[in-house]
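The values are calculated or read from the model by the stated rules, or taken from the named source; none is laboratory data. In this text, all values refer to a predicted model and were calculated from it rather than measured experimentally. Reconstructed Cβ throughout: ideal geometry from the backbone, glycine too, with neighbour counts over all protein chains shown. Please note that ligands, DNA and RNA were not included when accessible areas were found on the heavy atoms of the full protein model with its side chains. Shrake-Rupley method; radii C 1.70, N 1.55, O 1.52, S 1.80 Å.
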Amino acid sequence: QVQLVESGGGLVQAGDSLRLSCAASGRTFSDYAMGWFRQAPGKEREFVAWINWSGGMTFYADSVKGRFFISRDNAKNTVYLQMNSLKPDDTAVYYCAAGTPEYRLRGMSSEYDYWGQGTQVTVSS
């Protein structure tokens, strides 16, 4: 199986930047697509970003497009989420996930097999 551990969350002010990391261990990291999701209290878990096995393709939710950027380093078994121009609405627990989702379903959390425990991001106004 694959184990995932997120890090890099914290408390920041609106307009600040933050970079999240997700370290993977277990099965071959490069076999999997990776996704970032987030969940705020009282809200559904929502899709944030996706990157394919090689890092050559990415996809973003409309709410973060142009501000957030996903990348991966397969040699380090790590995926990143660079978060710029943060807003209070970005406050949530952020989770990384690994799987082999069908392309048309890449934004659905149910299509991912492995999940980290999450890291808290809080943005003050």
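In whole percent, what relative contact order does the chain give with Cα contacts below 8 Å and a gap of six or more residues?
35
With a 1.4 Å probe and every protein chain kept in, tell me what percent of the accessible surface of the stretch 23-100 is carbon plus sulfur.
48
For K87 paired with R104, estimate the spin-label separation in nm (one decimal), with each label point 7 Å from Cα along the Cα-to-Cβ line.
Label-label distance for K87 and R104, simple model: 3.0 nm.
Sort D16, D31 by heavy-atom solvent-accessible area, probe 1.4 angstrom, most to least.
D31, D16
Using the heavy atoms of the protein chains alone and a 1.4 angstrom probe, what is the accessible area of the stretch 26-123 per residue in square angstrom?
Here the per-residue accessible area is 51 Å².
What size of dipole, in debye to the nearest 20, comes out for the stretch 55-111 about its Cα centre when the only charges are +1 on Lys and Arg C-beta atoms and -1 on Asp and Glu C-beta atoms?
Computed charge dipole of the stretch 55-111: roughly 140 debye.
With all protein chains present, calculate the accessible area of K87 using a 1.4 Å probe and round the result to the nearest 10 Å².
100
Under 26 Å from the Cα of K87, which lysines turn up, not counting those fewer than eight places away in the same chain?
List returned: K43, K65.
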